[in-house]
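Here's the structure we're looking at; comments come further down.
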Amino acid sequence: IRDDTEAASFYVANYIIERIKHFNPTPTHPFVLGLPTGSSPLGVYRILVEKYKAGEISFENVVTFNMDEYIGIPRDHPQSYHTFMWQHFFSHVNIHPRNVHILNGNAPNLEAECVEYEAKIKSSGGVDLFLAGIGEDGHIAFNEPGSSLASRTRVKTLAYDTVLANSRFFNNDLDQVPKMALTVGVQTVLEAREVVVIVLGARKSLALQKCIEQGVNHMWTLSSLQLHPHPMIVCDEDATLEL
Ligand code: GLP
């Protein structure tokens with residue numbers, strides 16, 4: 001628990017840097033980093049970029065896999081997760097584009113896209129550290145309430161609450177918000193060697209309470225983290241309101 005957003009972001013960014021350095025990645029043995037979108041990781045990305053520019057970390061031998069992507073908006077749409085990631089992180093560091101993996105929500109065969117994505121994660125050696133945020137309903141990636149805890153990368157219909165929460169990025173117009181997405185599954189996340197979740201603000205406090213103080217269940221999919229051998233939740237004071 002850290003005092004505020006900045007302190008929590010700083011902790012997570014430094015932690016990721018330490019893990020990458022300790023791993024000592026090479027071209028043939030890269031560090032595989034799973035990444036989220038949303039407002040929660042923005043501070044982490046900003047600090048990682050600052051540290052890269054200060055020469056404290058290199059992403060040359062880092063391979064990334066993003067958690068999810070909307071279906072039905074173009075890749076270059078201002079709110080696509082592709083755009084988000086390049087705008088806030090990838091464009092500012094020395095990551096090689098061939099090492100960046102983001103699901104293609106416009107793939108002609110979405111199911112094949114999901115199967116290929118899982119295969120790519122596997123052939124890269126598996127995710128070393130998955131960074132995640134959570135939705136107000138406790139979802140991890142886009143694993144909405146009711147998702148199987150054994151789920152893998154797949155097409156998912158978004159919960160009404162998620163569409164509502166995301167409408168702030170789409171001129172508050174529900175009609176413009178994508179209703180479906182591609183997402184890694186709960187099991188895909190659980191297979192990462194380490195999972196770090198950043199939880200910020202009072203609006204996430206109920207989800208945090210349900211996910212860590214109650215039992216493992218498929219209605220609050222972050223609760224599955226209780227089954228993981230190396231989980232870490234980094235939150236600010238406000239997010240602890242219900243604990
Ligand atoms: C979306 C993303 C999640 C993210 C969540 C929270 O639903 N698919 O990965 O955790 O938003 O977003 P925010 O951090 O903006 O609250």
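The values are calculated or read from the model by the stated rules, or taken from the named source; none is laboratory data. As the structure is a prediction and not an experimental result, all values here were calculated from the model. Note: ideal-geometry Cβ built from the backbone for every residue, glycine included; neighbour counts use all protein chains shown. Areas reflect the complete protein model, heavy atoms only, side chains present, ligands, DNA and RNA absent. Shrake-Rupley method; radii C 1.70, N 1.55, O 1.52, S 1.80 Å.
For region 161-243, what does the alpha-carbon gyration tensor say about shape, rounded, prolate or oblate, given a ≥ b ≥ c as the root eigenvalues, a/c under 1.5 as rounded, and a/b over b/c as prolate?
Values: a/c = 2.17, a/b = 1.38, b/c = 1.57.
The shape class here is oblate.
Expressed as a whole percentage, what fraction of the accessible surface of the chain belongs to carbon and sulfur atoms when a 1.4 Å probe is rolled over the protein heavy atoms? Write out the running numbers ahead of the final one.
Numbers: 5630 of 10810 Å².
Ligands and nucleic acids excluded, carbon and sulfur reach 52 percent.
Could you tell me what percent of the DSSP beta bridges with both partners in region 105-243 are antiparallel, to the nearest 5? Mind dumping the intermediate values first?
Details: 5 of 13 bridges.
Here the share of antiparallel DSSP bridges comes out near 40 percent.
Please check which bits of region 90-130 a label hung off VAL155 would reach, taking the label as a point 7 Å along Cα-to-C-beta and the cut-off as backbone N under 13 Å.
In region 90-130, the label zone of VAL155 (backbone N under 13 Å from the point 7 Å along Cα→Cβ) covers 105-115.
Treating only the Cβ atoms of Lys and Arg (+1) and Asp and Glu (-1) as charged, compute the dipole magnitude of the chain about its Cα centre; round to the nearest 20 debye. Walk me through the intermediate numbers first.
Details: 19 positive and 28 negative charges, 115 e Å.
Magnitude of the dipole: close to 560 debye.
Roll a 1.4 Å probe over the protein chains and send me the accessible area per residue for region 53-154 in Å².
Here the residues of region 53-154 average 42 Å² of exposed surface.
Can you give me the P(r) profile for the chain? Cα pairs, bins 5 angstrom wide beginning at 0, each as a whole percent.
1, 7, 14, 19, 21, 19, 13, 6, 1, 0
Taking H placed 1.01 Å from N in the peptide plane, check which residues at least 5 places from LEU158 or on another chain put their amide H under 5 Å from its amide H.
MET180, ALA181
Put +1 on the Cβ of every Lys and Arg and -1 on every Asp and Glu Cβ in the chain; which of HIS88, VAL63, ILE140 then has its Cα farthest towards the positive end of the dipole?
Towards the positive end, the residue furthest out is VAL63.
Taking a ≥ b ≥ c as the square roots of the eigenvalues of the Cα gyration tensor of region 1-110, is the shape rounded (a/c under 1.5), prolate (a/b larger than b/c) or oblate?
Details: a/c = 2.08, a/b = 1.33, b/c = 1.57.
Oblate, since a/c reaches 1.5 and b/c is not below a/b.
Add -39500 (n - 2.57) for each DSSP H run of 4 or more in the chain, then divide by its residues: what number comes out at 222 nm, to the nearest 500 deg cm²/dmol? It would help to have the intermediate numbers written out before the result.
Details: 7 runs with 74 residues, N = 243.
Rounded to the nearest 500, the figure is -9000 deg cm²/dmol.
Tabulate in residue order the Karplus-calculated ³J(HN,Hα) for region 149-163, using 6.51 cos²θ - 1.76 cosθ + 1.60 with θ = phi - 60°, rounded to whole Hz; enter x for Gly and Pro.
In residue order, the calculated couplings are 6, 9, 5, 10, 4, 6, 7, 9, 7, 7, 5, 4, 4, 6, 4 Hz.
Run through the DSSP bridge list for the chain and note the antiparallel percent, rounded to the nearest 5.
35
Express in Å², to the nearest 10, the accessible area of THR188 obtained by rolling a 1.4 Å probe over the protein heavy atoms while all chains stay in place.
Surface accessible to solvent at THR188 totals approximately 10 Å².
Counting only residues 5 or more places away or on other chains, whose amide H sits under 5 Å from the amide H of VAL197 once H atoms are built in the peptide plane?
Those lying under 5 Å, H to H, from VAL197 are ALA132, MET232, ILE233, VAL234.
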